[in-house]
1. Residue 248 fails exactly one of the following numbered conditions: (1) free of Cβ contacts under 8 Å to residues at least 40 places away in the same chain; (2) crowded, with 18+ Cβ neighbours inside 10 Å. What is the number of that condition?
2. Take the residues in region 42-63 that are part of a helix (DSSP H, G or I) and more than 22 Å from residue 139 (Cβ to Cβ), then tell me which one is farthest from the chain's Cα centre (by Cα).
3. What is the number of the single condition among (1) touching a residue at least 24 places away in the same chain (Cβ under 8 Å); (2) over 25 Å from residue 266 (Cα atoms) that residue 135 does not meet?
4. Every residue in region 103-129 that is in contact (Cβ under 8 Å) with a residue 60 or more places away in the chain and over 28 Å from the mean Cα position of the chain (by Cα), please.
5. In region 246-285, what residues are farther than 24 Å from residue 190 by Cβ, within 22 Å of the chain's Cα centre (by Cα) and not in a loop (DSSP other than H, G, I, E, B)?
6. Here are the criteria: (1) surrounded by 17 or more Cβ atoms within 10 Å (Cβ to Cβ); (2) in a helix (DSSP H, G or I). Tell me which single one residue 39 does not satisfy.
7. I'd like the full set of residues that are in contact with a strand residue (DSSP E or B) (Cβ under 6 Å, 6 or more places away or on another chain), surrounded by 15 or more Cβ atoms within 10 Å (Cβ to Cβ) and farther than 13 Å from residue 26 by Cα, limited to region 126-162.
8. Within region 45-67, track down each residue that is surrounded by fewer than 21 Cβ atoms within 10 Å (Cβ to Cβ) and touching a helix residue (DSSP H, G or I) at 6+ places or on another chain (Cβ under 6 Å).
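Nothing in this text is a laboratory measurement; each read-out follows from the coordinates by a stated rule. Everything quoted here is computed from the prediction, not taken from an experiment. In this analysis, Cβ positions are derived from the backbone assuming ideal geometry, glycine residues included, and neighbour counts consider all displayed protein chains.
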């Protein structure tokens, strides 16, 4: 899905993001909840705490990139906090080389951006060996920095929205190595505020297994026997308990009731099962 039913969010809805205004998370938040008020935070832990404490109505968080993989920290935070996924969207990630007005491509010798963005633009940087790459905490934050410094020799890699937000100029567009670059974002709300999502056709589940041979196979077989399509599985280590893992799965549903059936099937084989949310699956993002 690209946006949620506006009837679910009356009035001015406040959505937290990790990063600065103009970031990809900012774009995703407005795609999920058009017209929302955006509350930027420096750290992901602060975003989840804001939802859990009721300081914001929801948060938009990246959970997986088609090239870089999953955002592991966010799986841990989903399990830790009393929040639920109520929606998801896919965002096409387009990187741009951005500079202050009046700068030129030839003048740029330093480029700042998030490490993942820099890694996704290796070919462009290799084609411009004069440009030295420096990791920064946020894509949009790197644009904010070069505007504040007014340095004609510094560039940033970020979204078009970031350039527009900070009054910067784009020197080179679509510089990512691979155009099939998408990020999946979740919209999360406090568990107490979550209502049944009409037509929900996807569920995210976390579970821990009993320590016995074949337990993972048995758990997944029980879900498969229901005819439910497993679309993703991810494992994360349990903090403080070496060699023990939490598994995260996404399942497509033909009806919301199938989500309850999947949870029941897993409970027979697992020491812990938790629904992370039942929601509408994202539509394919436009190229």
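1. Residue 248 satisfies every listed condition except (1).
2. That would be 53.
3. Residue 135 satisfies every listed condition except (1).
4. 103, 104, 105, 108
5. Of everything in region 246-285, those that are farther than 24 Å from residue 190 by Cβ, within 22 Å of the chain's Cα centre (by Cα) and not in a loop (DSSP other than H, G, I, E, B) turn out to be 247, 252.
6. (2)
7. Across region 126-162, the qualifying residues are 131, 133, 136, 142, 143, 146, 154, 155, 156, 157.
8. none
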